[in-house]
1. Considering amide H positions built from the backbone, and no H for Pro or chain starts, which residues 5 or more places from GLU114, or on another chain, come under 5 Å of its amide H?
2. Hey, can you grab everything whose amide H is under 5 Å from the amide H of VAL36? Only 5+ residues off in sequence or another chain; H modelled, so Pro and N-termini drop out.
Amino acid sequence: MNQNAPDDLTSANTAVVSAPEDKTAEVAGCWSNVGVYGNASCPELHQFVHCRNCPVYSSAGAKLLDRLLPLNYRRDWSQHFAEDKRLPEAGNSSAILFRIQSEWLALPTRSFQEVAEKRPIHSLPRRSQGVVLGLANVRGELVICVSLGHLLQVERVSSLETLRVNYRRLLVIQWEASRLAFPVDEVQGPVRFHPRELKAPPSTLLLSAARYAQGILSWQHCAAGFLDPNQLFSSLQRSLA
């Protein structure tokens, strides 16, 4: 990157620009080898600190901008901007996704009050069966905790005794007058979607979960069963009786 370097040496080390008809034009130079994008062994870095401050780098950039346009450049871009743009439809629904063991599920965001950290869940007398885990202190208020995994019969779900102490997040939900909490292994969201994006539940979906599922919500590489909160809370309330 010496300013006093011969012109032929400078041009040989600074830029390699492909022919105008080549649309995959690449620029390579000393900055990729001995500069900040290489092994940083160039002695000129002591003066310029960064390659972008060096006149060799600036000269290569100017040559790149002044190169001839590729063939059909104007036609291709004119056609691109002339095409009608189809904007994605904005989602008007929102959901929180959560994982219990290997099963991903989802509920409307409005049904969630809090995603709480792990805390002790104290068991209740004569409640060793069913889906009731016990009580947990959430912001000074005792909240009934249930096992959604047992209600939906998720595979390999832990026992109630193990689940009270072995979980990662406690989701606090409220629907109408009911307020409950349940432990999960992972939480994602909120995720916005349009109801038309929900797919029909597959035949492989757990039979116990299929009765609560309104559809399958796809998000990134995840497919979650979107649960009907009315049916879910109705079943949970009956389990508390």
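1. VAL172
2. Under 5 Å from the amide H of VAL36 lie the amide H atoms of CYS51, each far enough along the sequence or on another chain.
Since every read-out is calculated from the coordinates, none of them should be taken as a lab result. As the structure is a prediction and not an experimental result, all values here were calculated from the model.
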